[in-house]
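What follows draws every value from the coordinates through simple rules; no lab data is involved. This is a predicted model, so every value here is computed, not measured. Here Cβ is always computed from backbone atoms with ideal geometry, including for glycine, and neighbour counts include all displayed protein chains.
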Amino acid sequence: MPRPATHFVCSDCGASHAKWFGQCPSCSAWGTLVEERAPAAAGKGGRSRAGAGGGGAGGAPAPKPQRLRDVRAEAADRLRTGIGELDRVLGGGLVPGSLVLLGGSPGIGKSTLTGMALGDLVGAGRSVLYVSGEESAAQIRLRHERLEAADRRALDVPVLAETDLDAVLAAIEAERPDVCVVDSVQTLHAAELTGAPGSVGQVREVAARVMEVAKRAGTAVVLVGHVTKEGAIAGPRVLEHLVDCVLQFEGEKERTYRTLRALKNRFGSTSETGVFEMRQGGLVEVLDPSARFVGEATGKPGSVVLAAMEGSRPLLVEVQALVSQSELVPPRRVCTGIDRNRLAMVLAVLARHAGVGVGQADVFVNVVGGVRVDEPGADLAVALAVASAARGVALGAPDKPLAAFGEVGLTGELRTVAHPDRRLEESAKFGLARVVSPASATSLRQAVRLALGAPERHERAAA
């Protein structure tokens, strides 16, 4: 009887089964069996790795470890894509032989970004290859013609519309390009696996075999990946551990701004962020995003400018809050651009330690421009925006709004955050003289009084 080409392994207990079950017969876990290739049978007369004499497979001598100081590490020249924001997030460019996973929601601009990068690489004399499993060659031509107005080298990119993994790997081996883009990893299909393209077993097998070819050919491969409805990159978590770099392309399709972040980077920092603007001719780098966001700040009640840090770059963004009488029990807490649990904590500290209670009101908080801020330094700006909206008091003029940054503790104190000097310099650069920070106030109550004044005569909109 021929040996089966695949088997099914439980991701919980590791048991192997010849066929798929909804429930693992070994550990009784549901939905944990994943199809994988069966290990190759040992040759006749071959011995296992634990064979006699302590040697390797087939009696080969065991490998000898090497001290790190004796290892020769040659610095590889990075492949610059010509897009400054992308190169900075990557840590200076693509590393030859590396595997990069680019994730983002549909329509956010992943194909546009990779197409522009390949066009710049072709103009720099690099060999590239664009593999598409979602579009035909004619559809790719139509999309690149739209980018041609911004970069006429986009039509010089060689493309391959193919979903068979073996054919794609053969093309990479034959062409040996400097950079290859696979759009997307969920569309490639390994013939030896019976699962549908995009399944856990297929995605893991595709990524593993692409990585082998990339390392052997010295090709930097960018895998474009889909995301789930929760915003996480689709596919098994092992895929993120397998690649060298994980990039997340964020933003709202209805807005023009896009943000590129590095969730993992073996060759650079994970704290850098790139900002783009989507236009008719493609993506445009936003070299000074603070000027865009500060110029649109309203200065009305509920508006505060947050002096945030995105990696090594200071960024000024507007935080807006709206507090209104609620007709629901419990009242609504809606936020965009910040963590909802963080907002709940700030509202609790505001009520307990600053005397600004919004327990019976709906609270809406938004970071303008579709930017997402994950750092704790946004706490003070959110708190002041909510307090300003609740009391109906503007914190500054439209041309010179109030800026703030700082972490809020559960006992009402303000804690220092990283790079306060750079945040202050960025605020002064745009004429924001009034900045509330842990250096000017030690507690949230003091910060609210400093920004809004005495509360006795302020009308509470959330009463």
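Size check on the chain: the Cα extents along the three principal axes, sorted descending, read 91, 57, 50 Å.
Using Cβ counts within 10 Å as a stand-in for footprinting exposure, how do 144, 419 rank, fewest first? Write out the running numbers ahead of the final one.
Numbers: 144 24, 419 16.
Fewest-to-most ranking of 144, 419: 419, 144.
In whole percents, the pair-distance distribution calculated for the stretch 84-287 from its alpha-carbon pairs, binned every 5 Å from zero, is 1, 8, 17, 21, 23, 18, 10, 3, 0, 0. Local charge for residue 217 was computed over the other residues whose Cβ lies under 13 Å away, with Lys and Arg +1 and Asp and Glu -1, and equals 0. Taking a sphere under 15 Å around the Cβ of residue 266 and counting the other residues whose Cβ falls inside, with K and R at +1 and D and E at -1, yields a net charge of 0. Restricting the stretch 106-210 to trypsin sites (Lys or Arg not before Pro) that sit in a DSSP loop and have at most 13 other Cβ atoms within 10 Å of their own Cβ leaves 152.
Can you list which of the GluC sites (Glu not before Pro) found in the stretch 170-211 are DSSP loop residues with at most 16 other C-beta atoms within 10 Å? Numbers along the way, then the final one.
Working: sites: 173, 175, 192, 205; in loops: 192.
Those that pass, being in a loop and sparsely packed, are 192.
Each of 155, 402 was scored by other Cβ atoms within 10 Å of its Cβ. Arranged with the fewest first, they read 155, 402. Restricting the stretch 280-334 to GluC sites (Glu not before Pro) that sit in a DSSP loop and have at most 14 other Cβ atoms within 10 Å of their own Cβ leaves 296, 327.
Applying a 4.7 Å Cβ-Cβ cutoff to the chain, the cysteines left without a disulfide-compatible partner are 180, 245, 335. Each of 166, 120, 421 was scored by other Cβ atoms within 10 Å of its Cβ. Listed from fewest to most, they are 421, 166, 120. Computed from Cα positions, the angle between helix 110-123 and the longest principal axis of the chain comes to roughly 70 degrees.
Relative to the dominant Cα principal axis of the chain, helix 200-217 is inclined by about 80°.
Would you kindly state how much longer the chain becomes between residue 69 and residue 421 on full extension, computed as 0.36 nm times their sequence separation minus their alpha carbon distance, in nm to one decimal?
Values: separation 352, 0.36 × 352 = 126.72 nm, distance 3.85 nm.
Full extension of this stretch gives 122.9 nm more.
Within the set of other residues whose C-beta is less than 13 Å from the C-beta of residue 447, count the net charge using Lys and Arg as +1 and Asp and Glu as -1.
On the way: positive: 415, 434, 445, 449; negative: 379, 407, 413.
Taking every other residue near residue 447 into account, the sum is +1.
With θ taken as phi - 60° and the Karplus curve 6.51 cos²θ - 1.76 cosθ + 1.60 applied, the whole-hertz 3J(HN,Hα) list for the stretch 356-367 is 10, x, 10, x, 9, 10, 6, 10, 10, 10, 9, 8 Hz, x standing for glycine and proline. Paramagnetic label reach from residue 163 (point 7 Å along Cα→Cβ; backbone nitrogen cut-off under 20 Å): within the stretch 99-137, residues 106-107, 111, 130-137.
Grab the beta carbon distance between residue 411 and residue 212, set R0 = 51 Å, and tell me the FRET efficiency rounded to 0.05. Computed FRET efficiency for residue 411 and residue 212: 0.40.
Take the Cβ-Cβ distance between residue 344 and residue 11 as r, set R0 to 35 Å, and report the resulting FRET efficiency rounded to the nearest 0.05. The pair residue 344/residue 11 has a calculated efficiency of 0.55.
Taking every DSSP beta bridge that has both ends in the stretch 290-452, the antiparallel portion is near 70%.
Mind checking the angle between helix 379-391 and the chain's longest principal axis? C-alpha axes, 0 to 90 degrees, to the nearest 10. For 379-391 against the chain, the angle is about 40 degrees.
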